[in-house]
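The values are calculated or read from the model by the stated rules, or taken from the named source; none is laboratory data. Just so it is clear, the structure is predicted and the values come from calculations on it, not from any experiment. So basically every Cβ, Gly included, is an ideal-geometry build from the backbone, and we count neighbours across all protein chains shown. When the accessible area is computed, the model is the full protein with side chains, heavy atoms only, and any ligands, DNA or RNA have been set aside. Shrake-Rupley method; radii C 1.70, N 1.55, O 1.52, S 1.80 Å.
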Amino acid sequence: MDVKVNGNISFWYADIGGVPGYRPALPGDRSADVCIVGGGFTGLWTSYYLKQANPSLNIVVVEKEFAGFGASGRNGGWLSGGFGWSREKYLKTSSRGAVVDMEAAMHGSVNEVIAVTEREGIDADVRRNDTLTVAVNQAQLGRIRQSYEYEKGWSVPDARISLIGREEMRKRIEIHNAEGALVHHDTARVQPAKLVRGLAAVVERLGVSIYEQTEVVRIEKGAVTTKRGTVRAPIIIRATEGFTAGIPGFERLWIPMNSAILMTEPLSEEQWSRIGWNGYELLGDATHGYCYAQRTREGRIAMGGRGVPYRYGSATDVRGQTQDQTIAQLYAILMRHLPQTKGLKMEHAWCGVLGVPRDWCTTVGLDRKNGIGWAGGYVGLGVSTSNLSGRTLADLILERDTPLTRLPWVNRSVREWEPEPFRWLGIHSMYQLYHMADRREAAGLQQTSRLATFANKITGR
């Protein structure tokens, strides 16, 4: 499959004039009240809410590349407020009410992000919509019905979730073989590079120092050591998400899972008339392998998925370049769901990494003994979750006892991933089983394949 551009960070940067230049690097040793490692959404949101609460704080952000280089500038643009983690795992160390509160807080992040963009004048192509998880066979249809009943059992209100049948789904988007969909309401589409670059500019105006081209080599109590100098601060926040494994001492904490996106050329009005998608809904499917898509501002389709899920030794990509195999897989997904797009040119493909903890559940916290805090392990839901992380970290840093600091993901400990080659074998085996399960279901299996259930069991998903 031919594609015009492979890598160069992401299409989202091409959309705003190209990859940005660098801010100055750390000019040497300095001190701060708070030092944040990582210039993506987590670090920037934390800076923003800290400055809102206490403008006098001296905050330093150090970033290896440029603000928004990682997943914050490469993701699928889903401001979903989604709760994609096991409620039961959080329940083991908390209460049912606290888990329900956490899900409500996650959902509330959608309105919070939009409110900040409006207040701060950040143009991020925000468009409110619904999220559709489409089923195209009977096994998938059964699975989304189970998901609906499961979420309703956790007190998710009618205003936030519903089921639609074949006809309603096809009125929204003419997906080939659609049987129905699970609908999550009150979500939004964003242009992620616009959002993260706009947020970086806002926190700079508030007085936060962002140093780029500044690689961190060690994090310890009271000090962040970089190749450009040392920042000494009583509070240090590790906001490195999918790149965490690259920091000495954190190699097995969160693995960097690969995800990739294929971007089409703009569609014509005639092509859109055959597809629909007039509500600009976020679109995913109920396969085990999973895909995610959006209709962009200028009428393109962004189709994303896992592709090659994990590189040996927690290696990461080179400036977003992805494998030909991944591009072919994404194109096949696009053709399977939207055969009306056959013949379209593929203009851009890229990939990035997202952080995955061993139990697949995100955490946020601050260790008062050493002053080191963290947030991440978003498992692909970072656009909205990072905002809640930033607000929670701000409260923890300022020693506020708030509803956010009492949520069950706060200061939650997770065991490390296995050493290589076991984690590579485990992750790749899981996705091979997922693909086998999807093929069996597509061939007519009426219920969820046991292969997928086994895959979840062996990896703790």
Honestly region 1-151 on the Cα gyration tensor test (a ≥ b ≥ c root eigenvalues; a/c under 1.5 rounded, otherwise a/b vs b/c for prolate or oblate) is just oblate
Cut-off 20 Å (backbone N to label point 7 Å along Cα→Cβ of Lys342), residues of region 268-301: 268-276, 301
Probe 1.4 Å - accessible area at Asp395, Å² to nearest ten: 20
Residue among Ser109, Ala443, Cys291 farthest towards the positive dipole end of the chain, charges placed on Cβ: Ala443
Exposure rule at most 16 other beta-carbon atoms within 10 Å, DSSP loop GluC sites (Glu not before Pro): the chain longest free segment: 1-214
Which value results when the Cα radius of gyration for the chain is divided by 2.2 N^0.38 Å? 0.94
Which of Lys89/Lys342; Lys64/Lys369; Lys64/Lys221; Lys89/Lys369 exceed 31 Å between C-alpha atoms? The answer is Lys89/Lys342
Based on DSSP H runs of at least 4 residues, each adding -39500 (n - 2.57), what is the mean residue ellipticity at 222 nm of the chain after dividing by all its residues, to the nearest 500 deg cm²/dmol? -10500 deg cm²/dmol
HN-Hα J couplings of region 111-116 from phi, Karplus 6.51/-1.76/1.60, θ = phi - 60°, integer Hz, Gly and Pro as x? 5, 5, 4, 4, 4, 5
If you restrict to DSSP beta bridges whose two residues both lie in the chain, what percentage is antiparallel, to the nearest 5? 70
Spin-label model distance (nm) - Arg450 vs Arg297, 7 Å beyond Cα toward Cβ: 5.1
Spacing of the two label points (7 Å from each Cα toward its C-beta) at Asn411 and Ser268, in nm: 6.2
Rounded, prolate or oblate for region 317-360? Axes are the square roots of the Cα gyration tensor eigenvalues, ordered a ≥ b ≥ c, and the cut-off for rounded is a/c under 1.5. oblate
Hey, what do the phi angles of region 218-228 turn into as Karplus ³J(HN,Hα) couplings, whole Hz, using 6.51/-1.76/1.60 and θ = phi - 60°, x for Gly and Pro? 7, 10, 8, 3, x, 8, 10, 9, 10, 6, 10
Going from most exposed to least, what order do Asp186, Asp15 have by accessible area with a 1.4 Å probe? Asp186, Asp15
Diffing region 258-264: the Karplus 3J(HN,Hα) column from phi (6.51, -1.76, 1.60, θ = phi - 60°), in whole Hz with x for Gly and Pro, holds 7, 9, 9, 9, 10, 10, 7
If each residue of separation counts as 0.36 nm, what is the full-extension length gain between Asp33 and Asp367 once their alpha-carbon separation is subtracted? 118.7 nm
